[in-house]
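The values are calculated or read from the model by the stated rules, or taken from the named source; none is laboratory data. Keep in mind that this is a model prediction, so the values were computed, not measured. Cβ sites come from the backbone with ideal geometry, for glycine too, and all protein chains shown count toward neighbours. In case anyone asks, the SASA skips ligands and DNA or RNA and just uses the protein heavy atoms, side chains included. Shrake-Rupley method; radii C 1.70, N 1.55, O 1.52, S 1.80 Å.
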Amino acid sequence: MKRAARLLLPVMAATCLAAPGPSSRARPATREDARAAAIHPVAEPSQMQAWLARVPVTRDFPPDFAGSLHAYAPAFVIEISTAPGCLPCADLWSKLGTLHRHYGWQVRTLSREDALLRSGRLGLPWVGHPVAWVRPIDDPNRTVPIAIGTDHAPNLARNAWLAARMLTGVRAEVGVHALSKFTGIVGASPTSQFHR
């Protein structure tokens, strides 16, 4: 699982780059390439909506999707890191609240320290707020990131479903491939420095 999670950043880089330049095709993606591709800081609602407009929305779900997502609710929790004044945090929190109302999933906040620690365990760079994770209610050490920044509501539901499936036995490679459509919006101004 840890190895599969480390594959997530290069996959994110490949899917988040809108128009890779010639230099990105000439060499394999590095961790810095992945981080740069996955992070798009926003300071205004219009910037966030413009970035979200580029993100494909999940439209096809398996027939048992809603029933499965309801069935997973008692066993899993979604945790989100957040910060004051963070536009994507508020947007993600709102969409996860809708997911809670429709499917019964618990949604909780996660401290910055816990988010940093969790990212480090998976070998992911800390990019800022928000990051959302799914974990079993009774096991805080088994986690799957489902959003970096905010995302469309159908994508978040799909990612929660995939994370639960990964945590209950679906091959991690399958889940990581499907989870690769992260939006990469984080709640920071373009001039801020991201650090681990």
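Just a few scattered comments:
- Heavy-atom SASA rank of Asp33, Asp64 (probe 1.4 Å, accessible area, largest first): Asp64, Asp33
- For region 34-99, the Cβ-based charge dipole about the Cα centre amounts to some 160 debye (Lys, Arg positive; Asp, Glu negative; other atoms uncharged).
- The dipole here belongs to region 99-160: it is taken about the Cα centre, uses +1 on the Cβ of Lys and Arg and -1 on the Cβ of Asp and Glu, and is about 60 debye.
- For His102, the accessible surface of its heavy atoms amounts to roughly 110 Å² (probe 1.4 Å, protein chains only, rounded to the nearest 10).
- Percent RCO, i.e. relative contact order, over region 52-141, from Cα pairs under 8 Å lying at least 6 residues apart: 40
- For the set Asp114, Asp138, Asp91, Asp151, the ranking by accessible area, highest first and with no ligand, DNA or RNA atoms included, is Asp138, Asp114, Asp91, Asp151 under a 1.4 Å probe.
- Percent carbon-and-sulfur accessible area, region 21-152, ignoring ligands, DNA and RNA, probe 1.4 Å: 56
- Solvent-accessible surface (1.4 Å probe) assigned to Ser46 amounts to roughly 70 Å².
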